[in-house]
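In what follows, a single structure is set out as C-alpha cells and then discussed.
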Amino acid sequence: MPKEDPLSVYPPTKYLTFGVWIYMVPQYKPESVLMLGYADGTVAGLIRLLYGDVPITGVDIKPLKDNKYGVNFVQMDGQEYVKTCGHFDTVIIDMFPGDESNICGFITSKEFANALTRVANYIIINTLKEPDLSAYNHLRRIGVNKPSGLSNLIHYFQVNPIPDLHPYRK
C-alpha cells in the first residue's frame, strides 16, 4: 500500500473536517477554478463531489502523480502562470516553500495580488500564520476560517460581484 501524502488524502472525504481541504472549497458553485499549488488534488475532489463537472485547472511545480479528478493540469510555477493565464471565477492558492514555514513570499506582494485581481472573481488563500495580506486591501474581504486544531488560516476575498454569494441579504 503506497504511503499517503499528509498534505493530501484520497478519497477527498476521508477526513472531511480534520484538515484544511473543505475550507478551500468555494462557498458557491464556481464557473471555473484555478488551483495554484495542486499537490494530489484533494480540494479538486471535493469540488467535483459538491459541484460536479466544474472546469478546474491545477498548477503545480511538481508533476502530477494521478489525474483522478480529470483536471487540466499544468506543471509550472504558479507565480509565472498567473502572469499570462485567462480568467477564472475562483482562484485557490495553496502554495508553500519547501520548509512550509508559511506561504510563498510572492503571494503577499502587490504585483501578485494585482495579477490575481485581473484573473479572478473570488480568491481563497491558505496560510499557516497570519501573513501581511495588505496587498489585498483593495478587495472585499469575505472572511477567514481557522480549522480546529490546525495553524492554518483560510482567507476569502471578492474581486468582482458574485451573484447569489449572499442570497439571504438584500
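Considering only residues that are modelled with pLDDT under 90 and aliphatic (A, V, I, L, M), look in segment 84-140 and name the one that is surrounded by the most Cβ atoms within 10 Å (Cβ to Cβ).
Ile107
Name the residue, out of Lys62, Lys29, Lys68, that is closer than 24 Å to Ser109 by Cβ and open to solvent by 60 Å² or more (accessible area, probe 1.4 Å).
Unique residue meeting the criteria: Lys62.
Suppose we filter Thr117, Thr108, Thr57, Thr90 for residues that are among the hydroxyl-bearing types (Ser, Thr, Tyr) and in contact (Cβ under 8 Å) with a residue 60 or more places away in the chain; which single one remains?
Among Thr117, Thr108, Thr57, Thr90, only Thr90 is among the hydroxyl-bearing types (Ser, Thr, Tyr) and in contact (Cβ under 8 Å) with a residue 60 or more places away in the chain.
Just give me the residues in segment 17-65 being farther than 18 Å from Asp89 by Cβ and polar (S, T, N, Q), in sequence order.
Thr17, Thr42
Just need a number here: residues in segment 44-55 that are open to solvent by 10 Å² or more (accessible area, probe 1.4 Å) and either closer than 27 Å to Phe106 by Cα or not aliphatic (A, V, I, L, M) (or both).
Going through segment 44-55 one residue at a time, the tally reaches 5.
Kindly indicate which of Val54, Val43 is within 20 Å of Ile154 (Cβ to Cβ) and in a helix (DSSP H, G or I).
Val43
The values are calculated or read from the model by the stated rules, or taken from the named source; none is laboratory data. Computed from a prediction, not measured in an experiment: that's the story for all the values here. Every residue, glycine as well, gets a Cβ built from its backbone with ideal geometry; the counts of neighbours run over all protein chains shown. The accessibility values were calculated without ligands, DNA or RNA, using every heavy atom of the protein model including side chains. Shrake-Rupley method; radii C 1.70, N 1.55, O 1.52, S 1.80 Å.
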